[in-house]
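Worksheet: one structure, shown below.
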Amino acid sequence: MGDDLERMAREHGVREFFFTDSVVNDARGHYLEVAEELVRRELGLTWYGYFRPQNLGRNELQLLKRSGWGRWSSAPTPPATRP
């Protein structure tokens, strides 16, 4: 993904992008690898996406911000249903 984003930035002038995956911050943590790659490449991009508010601590939020994260969209988690 890093190569594709870098090419879009350098060859086509893309400065912002939105992840349209159902939820950016997957349980496996792949989103953190993407954020680290964006920091490493220093592309100066701004990005957005849909997030779950669970499991986002200070370290994760700081990494996301350094990677160019601009804002997030989230839906409230529905209350647990009772049988």
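See the values below:
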| read-out | value |
| --- | --- |
| Filter result for the condition that a residue is of a type in the set (Gly, Ala, Ser) and without any contact (Cβ under 8 Å) to a residue 24 or more places away in the chain, over 2, 13 | 13 |
| Single match in 34, 24, 14, 39 (criterion: touching a helix residue (DSSP H, G or I) at 6+ places or on another chain (Cβ under 8 Å), of a type outside the set (Lys, Arg) and at pLDDT 95 or above) | 39 |
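The values are calculated or read from the model by the stated rules, or taken from the named source; none is laboratory data. Treat the numbers as computed from the prediction; the structure is a model and nothing was measured. Cβ atoms come from the backbone with ideal geometry, glycine included; neighbour counts cover every protein chain shown.
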